[in-house]
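Working notes for the structure below.
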Amino acid sequence: MSQNPRLAEFWSEAAAPLFPRSFDAFMWWIKALGRIAALPLGREVEELVALGAILGGAVLFRGRIEWLLRIVIPGTLALVASGLHKYPLADRLWLFMIPGLLILVAAGSDAFWARTGSAWPFLGMVFGLLLLGHPTLYAAYHLVRPQQVEETRPLLQYLAQERRAGDVLYLYYESGPAARYLIKRDRVVLGVFARDDLGRYLRSFETLRGTGRVWMLFSHVNVERGLNEEELGVLALDAIGKRLLVRRARRALPLRYGQLTHAKAGHA
């Protein structure tokens, strides 16, 4: 990541303050530890995961310290690398910690069950149900109703079949990573990233005037501050061209526009 300026800028806020010297830096660490605790079983039970991991760490420290070191050292090195701006503390890049965290939580839950079994026999059971209840129900629900993703592959396959010579493909700026191999081709335009300047974002579509038939691909659309950039973009496009087709695939959207000009109405 450190060799790629674009990635370094993208992940800049995920760099750990190596030596926290302010309240904000301290709170960054508190929130970061919460994100790590949410990795194995979700944010809904991150406090229980943190408690179980702390108990499990204490158990392993007393009896199996070599296990504890195998679990802790990789995460510690990654945190140091984050503080040196070499490896960001971001959820998707910390998935390697999940097996170790689950071992800590399992050790802590086992110790909790053993210590409370004689005096409060149901306390360990309640802890286990609270820990695993929500993840189990969540998994069961999405087994029946699979979670949808922004799948662009069928749209790109459709585009490959229907695109004519001379057609322009305009990629919404967040669609670029999903269609990266297309960006350097002729008549492929990557949209403008202008979240703080919606006027510039809307004006960017004016560059399509006079280009004939245009395909648009929207995915991973920004909806911050209650503004849907896909809807804004479509409004801007409808003002300068004629919409010919709309096709969706699991919330990803391609549109086809014709006559994106007032001077050359013959284009279609």
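Every number here is computed from the coordinates shown, using simple stated rules; none is lab data. Remember, it's a predicted structure, so these values are computed and weren't measured experimentally. When we count neighbours, we look across all protein chains shown, and the Cβ atoms used for this are built from the backbone with ideal geometry, even at glycine.
Descriptive notes on the structure:
- Alpha-carbon centroid distance for the pair region 119-165 / region 1-29, whole angstrom: 30 Å
- Debye-sum result for region 1-141 in log10 I(q)/I(0), which assumes one identical scatterer on each alpha carbon, at q = 0.18 Å⁻¹: -1.07
- Between E206 and L132, the FRET efficiency from the beta-carbon distance, with R0 = 51 Å, is close to 0.40.
- Selected from Q3, M97, S118, residue furthest toward positive end of dipole (the chain; charges at beta carbon): Q3
- The residues V221, V105, when put in order of fewest to most other Cβ atoms within 10 Å, stand as V221, V105.
- A Cβ-based charge dipole, computed about the Cα centre of region 4-127 with Lys and Arg at +1 and Asp and Glu at -1, lands at about 240 debye.
- Tail fraction, Cα-Cα pairs, region 153-258, threshold 18 Å, whole percent: 43 percent
- Helix-only CD estimate at 222 nm, as mean residue ellipticity for the chain, using -39500 (n - 2.57) per DSSP H run (n ≥ 4): -15500 deg cm²/dmol
- Overall, the chain carries a charge dipole of about 920 debye about its Cα centre when +1 sits on the Cβ of Lys and Arg and -1 on the Cβ of Asp and Glu, all other atoms neutral.
- Distance histogram for the chain (every C-alpha pair counted, 5 angstrom bins, percent rounded to whole numbers): 1, 5, 9, 11, 12, 11, 10, 10, 9, 7, 6, 4, 3, 2, 1, 0, 0, 0
- Bridges between two residues of the chain, per DSSP, are antiparallel at a rate of about 60%.
- Percent of Cα pairs exceeding the 19 Å cut-off, where the set is region 93-157: 59 percent
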